[in-house]
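Read through the structure below, which is laid out as structure tokens, and then see the notes.
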Amino acid sequence: MKHAALAFLLLLGACDGARTPAPLPGAAGSASLSLGGTRFEVTLLLTEKERRHASEQLAPAREGRGYLLSWPRERILKLEGQSGRASFDVAFLNRAGVVVDLQTLKVGHPEGIQSAVEAAHAVLTAMGALTQTSVKKGDKIELPAATAQAQELPVV
């Protein structure tokens, strides 16, 4: 009985939400895209389950790598940073792949960030990675074909 109680307490402790969640794998795999003349290998996050808390759960992006979060239509996009694991440079893109906003999402920021205008995609790269490129608002980015499979928010 003593061992069962101990096992229960250990299980309960593991479910308290304090542990760091595993990085999201990205159901659609990965793709390559170019921002400001620099190639990035990005993990695609196309479903609501993958996107919902992505900025809080994603591992820090390594050099030349990042994440592409895609929605099926444009909207004001909000990314949380308060309990994130890493800071990111963020390029917001419209459906056509045009850069419409550039921002930085810092770990611990209580309000996070949101796109200044409606966007359908957010590219998250390592902190400082976009500032080392020549990417600017108005640049057109060739989006991976898989972004057309982005799923809408669930109907409530």
Task: Pairs of alpha carbons in the stretch 77-155 whose separation is greater than 21 Å (percent) - done: 30 percent
Open item on the list: List residues of the stretch 84-105, by number, whose backbone nitrogen lies under 16 Å from a label position 7 Å along Cα→C-beta of Ala59.
Closed with: 85-87
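Please label the shape of the stretch 24-109 as rounded, prolate or oblate, based on the square roots a ≥ b ≥ c of the eigenvalues of the alpha-carbon gyration tensor (a/c under 1.5 means rounded; beyond that, a/b larger than b/c means prolate, else oblate).
Details: a/c = 1.21, a/b = 1.16, b/c = 1.04.
Judged from the Cα gyration tensor, the stretch 24-109 comes out rounded (a/c under 1.5).
Would you work out the relative contact order for the stretch 81-133, in percent, from Cα pairs under 8 angstrom that are 6 or more residues apart?
Values: 104 pairs, mean separation 23.1, N = 53.
Reported relative contact order: 44 percent.
Taking 0.36 nm per intervening residue step and subtracting the Cα-Cα distance, what contour gain separates Gln114 from Glu152 on full extension? Walk me through the numbers on the way to the answer.
Details: separation 38, 0.36 × 38 = 13.68 nm, distance 1.86 nm.
Result: 11.8 nm gained on full extension.
Read-outs throughout are calculated quantities, based only on the coordinates presented, and are distinct from any laboratory measurement. Predicted model, so just to flag it, every value in this text is computed and none were measured. Positions of Cβ are backbone-derived with ideal geometry, glycine not excepted, and every protein chain shown enters the neighbour counts.
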